[in-house]
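Q: This is the structure I have questions about; it appears just below.
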Amino acid sequence: MGLRSRSQDPREAAGVPRPASRPGEEDGAGDARWRVADAMADLWRAVSATTDTRIFFEELSRRIAALASARGTVFWLLDADAEMLSPQPGAAGLDDTEPGELVSVPCRRGSGDVADRVVFGDQVVRGWWGAGGLGQAPEPNGLGPTGSPDCVLLPWRTRDRPLGVLAAVDSNRAGVGFSDDDVRMLRAAAAAAAVAWEHREAHGELALAREREVAGLREQIERSFQLEQLKTDFLKLASHELRGPLGVIKGYVSMMEDGTLGDVSPALAPVLPVLRAKLEEMNQLVNEMLETARLDDSALELRLARLDLREVVESAVHALEPLTGAAHSLVVDTAAEPVLVPGDRSRLGIVVTNLVHNAIKYSPRGGRVCVCCAAADGMAQVAVSDQGVGIAPEHMGLLFTRFGRVSTRETAGIPGTGLGLYLARDLARRHGGDVQVTSTPGQGSTFTLTLPLA
């Protein structure tokens, strides 16, 4: 359910449209009601923004007492669930002992007592406050201090629900008591006070909703940070734990290749390059995990040196050649002159390796994979093109996100962590460059690494 702040003018709540001319003085009712509504408009502006309940009722009670020429006024607030009326703090004009006499009283619809008639019956009750309470005849009700010769109880309500009771105690007009004009003023004041209370409630509910929203947002942010930290911790743990076994396996494969473990059978010899390629692939995965964890911890430091980007490209392609199938054609086209850049050789190797590896992986049916390295427009460029599955425009936003993977029918069986492109772009940007992509679904993609020249 939506919340909204009502901005009804208290003069409207009092039922008093601004007259085109001053009402006649024969009954004075319109003038009196307009004066009280005008005064309550000022009060409404003063109290509607306060969050202090006591100040709210003090200001209301003091001004209403002055308008009605009453010694004091008291507000009772209805608790519909508990069926009780409770006196509110800040009663105006009562002496030091009287507030202590004001206690919560029952208020049940249909009971027929004073509280029921005023709150639910919308009646104005006038009479004497004696030791037993208000009564033309003794009628205990507890809605006011004892010993008051003249009191008026009025309903305090909004248009659609009762709020409680407004009581005015002891008219200042000696021997006269509260006049009809006073009662009209009190009615108008009660209506205006209801608008101020409703406005205050709405603001309170909005503030509470905002607090809940902020608390929920903080909780989500905290949970997100915790999850990210868990991912980072997992990446560090997994990468460190995998490096040891991989190193051992690579060592044995190397010994098999160089004959240290004896002659290799003709049936096994063709398998060794594939094993080495798969080990390099796993090693690349471990490096991605470790580098990503370093990025998250801000622990990654680049070791910049002047290097030829062509060498980085050739080394990456050479390591990945065993992964290409018979249907793949891996082509390298590098510039005749050195392409010099300031860079971290191992980190740029990760970038180029990730781009070439992706081109091979996402060309499951084979095709041409072309890696071009050159200098153009004052920048070094490495463009990796494939004739693979391509990327739909709606999936572009996922490409360079952490753990972001595009899952379609064509890519469902392709392994990966979703870290490669995320890491490639981040490392490129740390070198002052970037990685961009163009793609056509079903026809292939081109990923371009750009770096500033040395």
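The values are calculated or read from the model by the stated rules, or taken from the named source; none is laboratory data. Bear in mind the structure is a predicted one, so any value in this text is a computation, not a measurement. Neighbour counts run over all protein chains shown; Cβ positions are idealised from the backbone, glycine included.
Q: Looking at LEU295, is it within 30 Å of PRO452 (Cα to Cα), in contact with a helix residue (DSSP H, G or I) (Cβ under 8 Å, 6 or more places away or on another chain) and at pLDDT 75 or above?
A: Numbers: within 30 Å of PRO452 (Cα to Cα): yes; in contact with a helix residue (DSSP H, G or I) (Cβ under 8 Å, 6 or more places away or on another chain): yes; at pLDDT 75 or above: no.
Here the answer is no, as LEU295 does not meet what is asked.
Q: OK, next. I need every pair where a residue in the range 362-375 that is over 14 Å from SER439 (Cβ atoms) has its Cβ under 7 Å from the Cβ of a residue that is basic (Lys, Arg), sequence separation at least 6 or different chains.
A: CYS373/ARG310
Q: Condition first: assigned to a helix (DSSP H, G or I), surrounded by fewer than 20 Cβ atoms within 10 Å (Cβ to Cβ) and in contact (Cβ under 8 Å) with a residue 60 or more places away in the chain. Can you find one or more residues in the range 298-318 that meet it?
A: No, there is no match, as no residue in the range 298-318 is assigned to a helix (DSSP H, G or I), surrounded by fewer than 20 Cβ atoms within 10 Å (Cβ to Cβ) and in contact (Cβ under 8 Å) with a residue 60 or more places away in the chain.
Q: May I pose another question? Would you confirm whether or not the range 192-211 contains a residue that is out of contact with any Ser or Thr (no Cβ under 7 Å at 6 or more places or on another chain), free of Cβ contacts under 8 Å to residues at least 40 places away in the same chain and on the phi > 0 side of the Ramachandran plot?
A: No - not one qualifying residue is present in the range 192-211.
Q: I'd like the residue in the range 184-240 that is among the basic types (Lys, Arg) and loosely packed, with under 12 Cβ neighbours inside 10 Å and, out of all such residues, is modelled with the highest pLDDT.
A: In this case the residue turns out to be ARG212.
Q: Also, I was wondering about something else. State yes or no: is GLY420 under 15 Å from VAL356 (Cα atoms), assigned by TED's automatic domain parsing to the domain that holds TYR362, under 33 Å from the mean Cα position of the chain (by Cα) and not β-branched (Val, Ile, Thr)?
A: yes
Q: Output the qualifying pairs, or none if there are none: Cβ atoms under 8 angstrom, residues six or more apart or on different chains, first residue in the range 153-168 and crowded, with 24+ Cβ neighbours inside 10 Å, second residue of a type in the set (Asp, Glu).
A: Between residues of the range 153-168 that are crowded, with 24+ Cβ neighbours inside 10 Å and residues that are of a type in the set (Asp, Glu), the close pairs are ALA168/ASP182.
Condition check ((1) assigned to a helix (DSSP H, G or I); (2) of a type outside the set (Ser, Thr, Tyr); (3) surrounded by 15 or more Cβ atoms within 10 Å (Cβ to Cβ); (4) in contact (Cβ under 8 Å) with a residue 24 or more places away in the chain) across all residues:
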| residue | (1), (2), (3), (4) |
| --- | --- |
| VAL389 | no, yes, yes, yes |
| GLU394 | yes, yes, no, no |
| GLY397 | yes, yes, no, no |
| PHE403 | no, yes, no, yes |
| VAL406 | no, yes, yes, no |
| ARG429 | yes, yes, no, no |
| GLY442 | no, yes, no, yes |
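Q: Has the range 102-119 got at least one residue that is of a type in the set (Asp, Glu) and at pLDDT 70 or above?
A: Checked the range 102-119: at least one residue is of a type in the set (Asp, Glu) and at pLDDT 70 or above.
Here's the yes/no breakdown for (1) in contact with a helix residue (DSSP H, G or I) (Cβ under 6 Å, 6 or more places away or on another chain); (2) farther than 19 Å from VAL435 by Cα:
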residue	(1), (2)
HIS328	no, yes
ALA335	no, yes
LEU340	no, no
LEU348	yes, no
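Q: Sort out which residues of the range 253-279 are assigned to a helix (DSSP H, G or I) and more than 19 Å from ALA319 (Cβ to Cβ), and write them in order of number.
A: Selection gives MET255 alone.
Q: Somewhere in the range 189-210, is a residue within 28 Å of the chain's Cα centre (by Cα), of a type in the set (Phe, Trp, Tyr) and assigned to a helix (DSSP H, G or I)?
A: no
Q: Return the total of residues in the range 67-101 being modelled with pLDDT of 85 or more and either touching a Pro at 6+ places or on another chain (Cβ under 7 Å) or assigned to a helix (DSSP H, G or I) (or both).
A: 5
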